[in-house]
Amino acid sequence: MDKETLFGKTLTELTVLTAECGLPKFAAKQIADWLYKKEIVTIEQMSNLSKAHRELLSERYTLGLEEPINEQKSVDGTKKYLFPAGPNMFIESAYIPEDDRATLCVSSQVGCKMGCLFCMTGKQGFQKNLTAGQIANQIRSLPERSTLNNIVYMGMGEPFDNINEVLKSIEILTSDWGFAMSPRRITVSSIGIVPAMIQFIEQSQCHLAISLHSPFDAERQSLMPIQHVYPIEKVIEIIRKYDWKHQRRVSFEYIVFDGVNDSMEHVRGLTKLLNGLACRINLIRFHAIPGSPLKGASNDKMIRFRDALTDKGLFSTVRQSRGEDILAACGMLSTKEKQKKSDES
């Protein structure tokens, strides 16, 4: 019978655990300190717990840390790490260094069920949700962890389709008893699942990024089936109810497809949709994926589109593309390892 993992438990859960195991109440904070602030690899290393208590914990639990099993490095310095996520299941994280900052793009699911036309991850289907421990492990087990400035939930999966575990992982990352990161260093990206989005806004202080890609209903629905369930107009209507002017930020991700969503009509549509909302638009280059009819707009078109949005008062930037040669760029995170293992068996 598989043992339960300790890594990924909140302080509240550790308090319940220690009570059930007959450990003193203060042991919960001691265990949290070992899990999230010290570089231990075994329960036995929790030296301020008694030997009897360490043995008891070892009988019932495992630490639950997983090192990456593969690493790829791009010519631009971006690295992609492959982590195990269960029997014949794998996830990827992308480490992106840039001048004096470094960002880690973490996954929240194995695969994705949202079926966006432009996303390579969705083409492998959905296998399962990650636990809070598996999400936080991507940070804890990163070789470059000490250099990290920012965490973005923009890897494999839809974070708001796994909202409870995502929020638990954020609690671990931002709490004093956890990694003690500022929530302003964390951005969670979603296609706009409204109930979970509300839960996220009200239960965290992290930045929010919404995948937009078109201001028009039929066109966005052809790109993102979620539009049929949660129209972008409804998503933005709810976002407007919250304060985005004081440190916390809302942004919109907009992949620019050549001849699809890059016209002046789209500039006018975005201006009308986002009018008066304190936000930014991140324009993203599309990287061709197998089986997709979509093509990326040229650099000149993207600059013209950005400038047209700026002229309308919408703060817009063209995001630098990173890691394309190792399939680590936006929308490209997918794993071939599952298929490889299947072929070998």
Inset, instruction - Report yes if some residue within the stretch 106-121 is in a loop (DSSP other than H, G, I, E, B), of a type in the set (Lys, Arg) and closer than 22 Å to PHE286 by Cα; otherwise report no. - result: yes
Inset, instruction - Check off (1) surrounded by fewer than 16 Cβ atoms within 10 Å (Cβ to Cβ); (2) modelled with pLDDT under 95; (3) hydroxyl-bearing (Ser, Thr, Tyr) for THR310 and give me the number that stays unchecked. - result: (2)
Inset, instruction - Considering only residues that are among the polar types (S, T, N, Q) and assigned to a helix (DSSP H, G or I), look in the stretch 122-141 and name the one that is nearest to LYS168 (Cα to Cα). - result: GLN134
Inset, instruction - Can you tell me which residue within the stretch 63-75, out of those that are at negative phi and in contact with a helix residue (DSSP H, G or I) (Cβ under 8 Å, 6 or more places away or on another chain), is surrounded by the most Cβ atoms within 10 Å (Cβ to Cβ)? - result: LEU63
Legend entry - Failed item, numbered, when LEU63 is tested on (1) of a type outside the set (Gly, Ala, Ser); (2) more than 21 Å from LYS38 (Cα to Cα); (3) in contact with a Ser or Thr (Cβ under 8 Å, 6 or more places away or on another chain): (2)
Inset, instruction - Filter the stretch 181-192 down to residues that are under 30 Å from LEU6 (Cα atoms), free of Cβ contacts under 8 Å to residues at least 60 places away in the same chain and not in a helix (DSSP H, G or I), then give me how many there are. - result: 5
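Does GLU158 count as in the same structural domain as ASP325 (by TED's automatic domain parsing) and surrounded by fewer than 23 Cβ atoms within 10 Å (Cβ to Cβ)?
No: the conditions fail for GLU158.
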Inset, instruction - Pull up the stretch 117-135, narrow it to residues that are out of contact with any strand residue (DSSP E or B) (no Cβ under 7 Å at 6 or more places or on another chain) and among the small types (Gly, Ala, Ser), then point me to the one that is farthest from SER107 (Cα to Cα). - result: GLY122
Legend entry - Residues within the stretch 26-40 that are of a type in the set (D, E, K, R) and farther than 20 Å from GLU55 by Cβ, tallied: 3
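The values are calculated or read from the model by the stated rules, or taken from the named source; none is laboratory data. What you see is a predicted model; the values in this text were computed from it and never measured. Note that each Cβ is placed from the backbone with ideal geometry, even for glycine, and that neighbours are counted across all protein chains shown.
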